[in-house]
Amino acid sequence: QVQLVESGGGLVQAGGSLRLSCVASGSIFSIRAMGWYRQAPGKQRELVAGIMSGGRTNYADSVKGRFTISRDNAKSTVYMQMNSLKSEDTAVYYCNLVSGRYEYWGQGTQVTVSS
């Protein structure tokens, strides 16, 4: 069983920054990818940023240039630095891990950006 624990969410003013962290624990044999998704009220969950095992990253167009995803393999931790936050970034952010054919999710952390 794999557990993902997110932290770092909160309330911030527009233009501010937050750093999300996600620590993975449990029976992890090989991590193919880790990433962050978000879901705003009334909207579908969407990919925000992902990082592959080899380090390749991808971002949603809406966050390119503002968010940076990184990973510490030794700590099985993925981070996302979020700068220049906008009100439309308000959502619950979920950590995601892909290992083999399995996919795991964290419980989510709320990010609220006030304008």
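Please find, among L20, L4, L47, L11, the residue that is touching a residue at least 40 places away in the same chain (Cβ under 8 Å) and within 10 Å of the chain's Cα centre (by Cα). Steps first, please.
Working: L4 fails: within 10 Å of the chain's Cα centre (by Cα); L47 fails: touching a residue at least 40 places away in the same chain (Cβ under 8 Å); L11 fails: within 10 Å of the chain's Cα centre (by Cα).
The conditions single out L20.
Identify the residue in region 1-57 that is β-branched (V, I, T) and under 15 Å from Q110 (Cα atoms) and, among all such residues, is surrounded by the fewest Cβ atoms within 10 Å (Cβ to Cβ). Show your work before the answer.
Filtering region 1-57 for residues β-branched (V, I, T) gives 2, 5, 12, 23, 28, 31, 48, 51, 57.
Checking which are under 15 Å from Q110 (Cα atoms) leaves us with 5, 12, 48.
Details: V5: 14, V12: 17, V48: 24.
Applying the filter and picking the extreme gives V5.
Just to be sure before I move on: is D72 touching a residue at least 24 places away in the same chain (Cβ under 8 Å), of a type outside the set (A, V, I, L, M) and open to solvent by less than 60 Å² (accessible area, probe 1.4 Å) in the structure I sent?
No.
Going through region 71-115 one residue at a time, which ones are polar (S, T, N, Q), over 12 Å from G8 (Cα atoms) and either modelled with pLDDT under 95 or more than 10 Å from the chain's Cα centre (by Cα) (or both)?
N73, S76, T77, N83, S84, S87, T90, S99, Q107, S114, S115
The values are calculated or read from the model by the stated rules, or taken from the named source; none is laboratory data. Predicted model only: the values in this text are computed from it and were never measured. Every residue, glycine as well, gets a Cβ built from its backbone with ideal geometry; the counts of neighbours run over all protein chains shown. What goes into the accessible areas is simple: the full protein's heavy atoms, side chains included, and nothing from ligands, DNA or RNA. Shrake-Rupley method; radii C 1.70, N 1.55, O 1.52, S 1.80 Å.
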